[in-house]
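Scroll down for the structure; my scribbles are underneath it.
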Amino acid sequence: MADTVHPLLPPTVPLLHRTGVAGTADVQVGGTGSDDGLLVSPGGDELATLLRGLDGRRTQRAFLAEAGRAGHDPTVLTAVLDGLRSTGLLVDLDPADLLASDAGPAAAARTRSELPTATGRGSGARWRARRASAVLVDGATRVGVPLAALLAASGVGRVSVRDDGLTTAGDAVVGGLGAEDEGRPRVLAAGDAVRRASPLTDLRPLAPGSSTDLVVLTRPQAASDPVAADLHRRGVRHLVATVRGETGVVGPLVVPGATGCLRCADLHRRDADPRWPHLALQLSTGDALPSGATVTCLATAVTAAVQVLALLDGTGAPLTLGTTVELRPPDLLPRTRRWPAHPDCGCVPAPTGGSDPSSSGIPADRGTMVP
Ligand SMILES: [Zn+2]
């Protein structure tokens, strides 16, 4: 391990004093819940104070040098840090992650809670990637606004919400638009909701045609929305996150050219029911009323946020690539449906030299599509 890493022991990791069998003063680091812990023997107050100082702002080299001047053995301390790393309790920040954080003590306090999850072992500069990302939430709905707030609070640098309607009483939801917003333009009220969660997030609307990392479609009938077709044409990645009826729906996440698109899903529905296009047209006519119980909307927003962060962080193929996750009351237990590219759509080039599902970016073991 290079000594230029910036080790962080999250302040929430408990440091507990205990007495060893031989009467030594020991320190137990973590290990009180489902996480692994590390017992350091002998330990004591001084060691606990030193470990508490691992705030990610100094290099390991600087930390060890300072500890050495205070009379500690750098070799022993290095072994302790390595032990903490192997348990996953200690994370190494990339200096760029720190530079990418907002300045000021309040922003630093907010970031402190987010960094341990956003910066895993061997993950590189995930936080920096989030801070540099721009996400557009299309629809200030009971899912869209809490989702925008979640993304901003999780470190996404630029979050804009697009909606040209006025807030109604039914739009109010925990973490989203409020009862006091009734009658205000939804886009302004959504900006306030995001700002409450993360005051320094860039909320400026994206200029038409400017690049965005992802668009989240939060209106109930997003699949038949011309917005989706336009996004696909422009090669913009997009994710559905909405409530249809009482069921939360997250996905599919569409990567144009690599996964099936929303039209593919529509064609699969048509195969299952030839009258589907006629029904879909009726469903997409007129403004949809706010729907979904609060718990369904928030569970949908959280599930979507996890997918968005997985995509932005680049930590692996998000579950919703070519797949929907449905959250149906009352238990809201996730159920997945796969939506492969439809042969009549032509949005994904036909595979050559065999059918390797991984080449489309969709993991092969996601079950089958049940329209
Ligand atoms: Zn398609």
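Residues in the stretch 261-283 that are within 22 Å of the chain's Cα centre (by Cα) and farther than 21 Å from Ala140 by Cα: 1 in all.
Please work out if Arg270 is in contact with a helix residue (DSSP H, G or I) (Cβ under 6 Å, 6 or more places away or on another chain), within 15 Å of the ligand (Cβ to nearest atom) and open to solvent by 70 Å² or more (accessible area, probe 1.4 Å). Yes. The set of residues in the stretch 232-260 that are within 15 Å of the ligand (Cβ to nearest atom), open to solvent by less than 10 Å² (accessible area, probe 1.4 Å) and in contact with a Lys or Arg (Cβ under 8 Å, 6 or more places away or on another chain) comprises Leu253, Val254. Pairing each residue of the stretch 229-241 that is among the small types (Gly, Ala, Ser) with any residue that is open to solvent by 50 Å² or more (accessible area, probe 1.4 Å), provided the two are 6+ apart or on different chains, yields C-beta distances under 9 Å for Ala229/Arg263.
Annotation: of all residues in the stretch 126-177 being over 14 Å from Ala190 (Cβ atoms) and β-branched (Val, Ile, Thr), the one that is most open to solvent (accessible area, probe 1.4 Å) is Val174.
A single member of Gly191, Gly175 is away from the ligand (no atom under 15 Å from the Cβ) and under 26 Å from Arg335 (Cβ atoms), and it is Gly175. Val295 meets each of the listed conditions (1) under 23 Å from the mean Cα position of the chain (by Cα); (2) part of a loop (DSSP other than H, G, I, E, B); (3) without any contact (Cβ under 8 Å) to a residue 40 or more places away in the chain apart from (2). Would you check if there is a residue in the stretch 204-221 being in the same structural domain as Gly314 (by TED's automatic domain parsing), open to solvent by less than 50 Å² (accessible area, probe 1.4 Å) and within 16 Å of the ligand (Cβ to nearest atom)? Yes: the stretch 204-221 contains one or more residues that are in the same structural domain as Gly314 (by TED's automatic domain parsing), open to solvent by less than 50 Å² (accessible area, probe 1.4 Å) and within 16 Å of the ligand (Cβ to nearest atom). Condition check: more than 16 Å from the ligand (Cβ to nearest atom), of a type in the set (Gly, Ala, Ser) and surrounded by 15 or more Cβ atoms within 10 Å (Cβ to Cβ). Does Ala228 satisfy that? No: the conditions fail for Ala228. The residues in the stretch 317-333 that are open to solvent by 90 Å² or more (accessible area, probe 1.4 Å) and touching a strand residue (DSSP E or B) at 6+ places or on another chain (Cβ under 9 Å) can be counted, and the count is 2.
The values are calculated or read from the model by the stated rules, or taken from the named source; none is laboratory data. Owing to the predicted nature of the structure, the values given are computational and were not obtained by experimental measurement. Cβ sites come from the backbone with ideal geometry, for glycine too, and all protein chains shown count toward neighbours. Surface accessibility is based on the protein's heavy atoms, side chains included, excluding ligands, DNA and RNA. Shrake-Rupley method; radii C 1.70, N 1.55, O 1.52, S 1.80 Å.
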